[in-house]
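The values are calculated or read from the model by the stated rules, or taken from the named source; none is laboratory data. Computed from a predicted model, the values in this text were never measured in an experiment. Backbone-built Cβ (ideal geometry, glycine too); neighbour counts: all protein chains shown.
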Amino acid sequence: MNKIHNLILLAIGVVLMLGSGAWLWYSRYADRPLNCVGNVEWNIGSNRFTGTVSYRLYDHQGLATLTGKLYGRHVTGISRNIYFTYTQHHDARVLQSTQLVKTFSDSADKDDINETLPSFYRETGQRLSLVMEEYKGAWIVATSTVPSLYCRKR
């Protein structure tokens, strides 16, 4: 009876050890969704964009939502969704836009957009290289090693 009791305890210990090891591996290495939003202000020449950018990335696909005001020749609103695919190399991600959907409130002047926004947010088929590092419960988004967005987790 004592031998069976020890075997049962050993089996329970092995199952717990394997289960906790599997959970630790999954929590460390499994692909987790990245979902964040941040406020931005881009000044390019005499044009300025202020608004919010949100990123949702999971399983090599994603969505970037850009909303705000564009101050150029005219003051207009921007509200668009950019669908993309991405490849990941450590903390760096290369995004390639696959579809751009403007909402009804996107009234931005095309010339102002072309002079202010990166091409990734203007047209499909464009690439954007970002480094996204987790920092104190949020994401630091950088382009060309210059931090450009502190992106809060949702």
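Give me a count of the residues in segment 136-154 that are without any contact (Cβ under 8 Å) to a residue 12 or more places away in the chain and assigned to a strand (DSSP E or B).
So the answer is 3.
Quick check on my filter: what residues within segment 101-116 are closer than 21 Å to residue 41 by Cα and either within 18 Å of the chain's Cα centre (by Cα) or acidic (Asp, Glu) (or both)?
106, 109, 111, 112, 115, listed by residue number.
Taking segment 97-122 as the region of interest, how many residues are more than 22 Å from residue 144 (Cα to Cα) and surrounded by 15 or more Cβ atoms within 10 Å (Cβ to Cβ)?
So the count comes out to 5.
All but one of (1) assigned by TED's automatic domain parsing to the domain that holds residue 143; (2) not in a strand (DSSP E or B) hold for residue 50, so report the exception by its number.
(2)
Is it true that some residue in segment 29-44 is part of a helix (DSSP H, G or I) and either modelled with pLDDT under 90 or under 14 Å from the mean Cα position of the chain (by Cα) (or both)?
Scanning segment 29-44, I find at least one residue that is part of a helix (DSSP H, G or I) and either modelled with pLDDT under 90 or under 14 Å from the mean Cα position of the chain (by Cα) (or both), so the answer is yes.
Taking segment 135-150 only, how many residues are surrounded by 13 or more Cβ atoms within 10 Å (Cβ to Cβ) and farther than 19 Å from residue 80 by Cα?
8
On the basis of being of a type in the set (A, V, I, L, M, F, W, C) and modelled with pLDDT of 95 or more, does residue 49 make the cut?
For residue 49, the condition - of a type in the set (A, V, I, L, M, F, W, C) and modelled with pLDDT of 95 or more - is not met.
Take the residues in segment 54-96 that are part of a strand (DSSP E or B) and free of Cβ contacts under 8 Å to residues at least 12 places away in the same chain, then tell me which one is surrounded by the fewest Cβ atoms within 10 Å (Cβ to Cβ).
Applying the filter and picking the extreme gives 89.
Taking segment 111-134 only, how many residues are assigned to a strand (DSSP E or B) and without any contact (Cβ under 8 Å) to a residue 12 or more places away in the chain?
Residues flagged as assigned to a strand (DSSP E or B) and without any contact (Cβ under 8 Å) to a residue 12 or more places away in the chain within segment 111-134 amount to 1.
So for segment 99-109 (the condition being without any contact (Cβ under 8 Å) to a residue 60 or more places away in the chain, of a type in the set (A, V, I, L, M), out of contact with any Asp or Glu (no Cβ under 9 Å at 6 or more places or on another chain) and in a strand (DSSP E or B)), does at least one residue qualify?
Yes, some residue in segment 99-109 is without any contact (Cβ under 8 Å) to a residue 60 or more places away in the chain, of a type in the set (A, V, I, L, M), out of contact with any Asp or Glu (no Cβ under 9 Å at 6 or more places or on another chain) and in a strand (DSSP E or B).
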